[in-house]
Amino acid sequence: MKILLSGNEAVAHGVYRAGCRVAAAYPGTPSTEIMENIGKHFKDGVECEWSVNEKVAMEVAIGASIVGRRAFTAMKHVGLNVAMDPLMTYTYVGPLGGLVAVTADDPNMHSSQNEQDNRVLAKFARAVVLEPADSQEAYDMTVAAFDLSEAFQVPVFVRMTTRTSHTSTLVELGDNFRHESRAPLPYTKDITKTIPVPAFARGMRVKVEARTQALREEACRNAFNRVEMADRCFGFVTAGVAYNYVKEIFPEFSVLKLGFSNPLPLELIKKFAHDVDHLVVVEELDPVIEEQIRAAGIEVLKLKTELRMMELNPMRMTALRSELLGEPAPAPVAAPQGLPTRPPVLCAGCSHRGVFHMLAKLGVTVTGDIGCYTLGAFAPLSAMDTCICMGACIGNALGMEKARHEGRIAAVLGDSTFFHSGLTGLLNVVYNGGRITTVILDNRVTAMTGHQDNPGTGKTLMGADAPIADIATICRALGVPHVHEVDAYSLKELEGVLTEALDAKEASVVVVKGPCVIAAKKANDGITYDVSAEKCKMCGACFKLGCPAIVRGDGDGKRFKAVVDPASCVGCDLCRQVCKFDAIHRA
């Protein structure tokens, strides 16, 4: 059976085919669709969940693995940072049931705040790394990863990237695609294996190194590593999606394709290097492979063409061809002139907009967080000062306060981020006597990654009803002295509540409640707004909201009358509230 699948869909099919029993993840682009597809198509065989964060997801998978079940977890590259604590110990313990994790790296930072290469973290963890170049390999490697994990008692990473996750290719699933019904491997209590106190962990450490050597030998004979001999002038060592670029731009030369890239098959590489005149390593992001090859004493051609940052593409590879073969370099392609820029903006009617408008008006220093609301940093709202990682805003704000930063300070994060990693930061504020204001934008959904459920939605990934976590109640339970709830679309109420919270002498929380307009399928029963051209004084107050539904009309070259685009307007009413001249009204 052959079907067209994205890389993420292919991984989901592989998880099901391999007989995985438990899957847990936290949504994060570019990995999100893996768990969505498992939950949508394969929940009859796989018990799957959205966990509150990646650390918990890894711990759930580890728990299933300990008792002999095959387990899976997926996360974007920065999510692995959160999950490293349990992983670094479980790599010593070693899986009983196969443990497979996807790390979805994001070269070029299409949807991320950094460009880290998680092959480095996987090597650090003494884990196996498999790198698919297309959807077929994503499927095949996922299935094989469970076998490898159990055979060598090692965590196995399938390293996806944005291109492999979201590009679709044909996948041969086989004639008998089904969930492989597997009895759990027998679990027997053995604290010398599962409790790594120092006396036991020292022995585990020795076994890990022996395991790594055995895996290195396996990598040399594994079918995912293959030599494609052709012209021997240049021999390219490459892995993952970089292989596709090498084959496209250097079709006439020899290639060693590494699908099983950690531990590195050094003996195979040595033989390949001996068989070619010049060895060239092409990999995306960090020189993880190249540095190990050089350390082994194998000569590698030093390249002038920059391949270490951002995503590879045919133009960069063509520049490398020019360097190696002396062919004319391709002329740079200039972007067409005069095209308007289209920076990302909060959606028309977004429930976050009024909060940022008001924080900017009040002159607040705002520590921000990861989510749609990060867009509150940009003009015309210009209402965010920092953004570091999930949940960091609360600790950042407390640090500013302790550093005696002058002025009002507010931390802003969403409901899903609060559940992910905000609770501990807020508890720390209460414990250490902080006075900051934490603003929690509660739209009852994990919006940025595509409207996944979270503890506040009342539904699980499996579709079951779940208790709804009430954020205000949680904050009071943590000991926050002042907890307020406010309607996201009432600017007057927002201003009053935020002012009271910001001026309080103790820690405060403001829970701002309003739906994600995309998830809600359009707010306010189709109500839209219009602008009276006669009443509009071109003051520009409505433009400061940054709403994409408010566009420029007639003007004098410096100032413009406002016009509301009815196709974009969702009737949130914020523009009417900021207009001092009653020029904006319901259409």
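The values are calculated or read from the model by the stated rules, or taken from the named source; none is laboratory data. Please read these numbers as outputs of a predicted model, since none were measured by experiment. Note that each Cβ is placed from the backbone with ideal geometry, even for glycine, and that neighbours are counted across all protein chains shown. SASA here: full protein model, heavy atoms, side chains in, ligands and nucleic acids out. Shrake-Rupley method; radii C 1.70, N 1.55, O 1.52, S 1.80 Å.
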If we keep only residues of region 222-258 that are part of a helix (DSSP H, G or I) and more than 23 Å from residue 102 (Cα to Cα), then the residue least open to solvent (accessible area, probe 1.4 Å) is 246
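For (1) closer than 28 Å to residue 456 by Cβ; (2) without any contact (Cβ under 8 Å) to a residue 24 or more places away in the chain, each residue gets a yes or a no:
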{"residue": "497", "(1), (2)": "yes, yes"}
{"residue": "513", "(1), (2)": "yes, no"}
{"residue": "531", "(1), (2)": "no, no"}
{"residue": "536", "(1), (2)": "no, no"}
{"residue": "540", "(1), (2)": "no, yes"}
{"residue": "543", "(1), (2)": "no, no"}
{"residue": "551", "(1), (2)": "no, yes"}
{"residue": "554", "(1), (2)": "no, yes"}
Pairing a residue in region 449-465 that is farther than 18 Å from residue 518 by Cα with any residue that is open to solvent by less than 50 Å² (accessible area, probe 1.4 Å) and not in a loop (DSSP other than H, G, I, E, B), where Cβ atoms lie under 6 Å and the two sit 6 or more apart in sequence or on different chains, gives 455/419; 461/39; 461/48; 461/50
Counting only residues in region 335-356 that are modelled with pLDDT of 80 or more and among the polar types (S, T, N, Q), the one most open to solvent (accessible area, probe 1.4 Å) is identified as 337
* Determine if region 406-418 includes at least one residue that is open to solvent by 10 Å² or more (accessible area, probe 1.4 Å) and of a type in the set (Phe, Trp, Tyr). => no
Apart from one, (1) open to solvent by less than 10 Å² (accessible area, probe 1.4 Å); (2) within 23 Å of residue 123 (Cβ to Cβ) all hold for residue 271; the odd one out is (1)
Every listed condition ((1) modelled with pLDDT of 90 or more; (2) out of contact with any Leu (no Cβ under 9 Å at 6 or more places or on another chain); (3) in a loop (DSSP other than H, G, I, E, B); (4) under 30 Å from residue 234 (Cα atoms)) holds for residue 318 save (3)
If we ask which residues in region 556-566 are touching a residue at least 12 places away in the same chain (Cβ under 8 Å) and either of a type in the set (Gly, Ala, Ser) or under 20 Å from residue 493 (Cβ atoms) (or both), their number turns out to be 1
Condition set part of a helix (DSSP H, G or I), touching a residue at least 40 places away in the same chain (Cβ under 8 Å) and touching an Asp or Glu at 6+ places or on another chain (Cβ under 8 Å), scope region 82-130, selection least open to solvent (accessible area, probe 1.4 Å): answer is 119
Selection from region 4-60 of residues open to solvent by 20 Å² or more (accessible area, probe 1.4 Å), closer than 21 Å to residue 241 by Cβ and among the hydrophobic types (A, V, I, L, M, F, W, C) yields 4
Just one listed residue, out of 534, 500, is part of a helix (DSSP H, G or I) and either in contact with a strand residue (DSSP E or B) (Cβ under 8 Å, 6 or more places away or on another chain) or modelled with pLDDT under 95 (or both), and it is 500
Those residues of region 503-531 which are open to solvent by 50 Å² or more (accessible area, probe 1.4 Å), at pLDDT 90 or above and touching a Cys at 6+ places or on another chain (Cβ under 9 Å) amount to 530
